[in-house]
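Reading through the structure tokens given below for one structure.
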Amino acid sequence: MVTGDRVLDLSWLRSEVAELYCQDNSRPGIDAEASLRLMLAGFLLGVVHDRRLMREAQVNLAIRWFVGYGLHETLPDHSSLTRIRQR
């Protein structure tokens, strides 16, 4: 994940939810800050479906920048974002 100056500082979020993440269970979870930024981007853009949001994030550099993913980094699967939203 790309780091640097951000318009919205959510760095505190990781420590707040750290105990909710299992460190030794199969695949790693989506970073808490990245998932919140993805959901916020979807809300601000009026994208209500996670599949559509992730398709848009594949090609929209502004979303990638806001979430913190570089051009060649793999974005999380839409199903992970759906599970986070449901919880």
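We did not get these values from a lab; they are worked out from the coordinates using the rules stated. Just so it is clear, the structure is predicted and the values come from calculations on it, not from any experiment. Positions of Cβ are backbone-derived with ideal geometry, glycine not excepted, and every protein chain shown enters the neighbour counts.
Filter region 47-70 for residues that are hydrophobic (A, V, I, L, M, F, W, C) and either within 10 Å of the chain's Cα centre (by Cα) or not in a loop (DSSP other than H, G, I, E, B) (or both) and give the result.
Taking region 47-70 and keeping what is hydrophobic (A, V, I, L, M, F, W, C), we get 47-48, 53-54, 57, 59, 61-63, 65-67.
Passing the criteria: 53, 54, 57, 59, 61, 62, 63, 65, 66, 67.
If a residue must be surrounded by 14 or more Cβ atoms within 10 Å (Cβ to Cβ) and not in a loop (DSSP other than H, G, I, E, B), how many such residues does region 71-81 contain? It would help to see each step written out before you state the result.
As a first pass, look at region 71-81 and keep what is surrounded by 14 or more Cβ atoms within 10 Å (Cβ to Cβ): 75-78, 80-81.
Restricting the remaining residues to those that are not in a loop (DSSP other than H, G, I, E, B) gives 78, 80-81.
The qualifying residues number 3.
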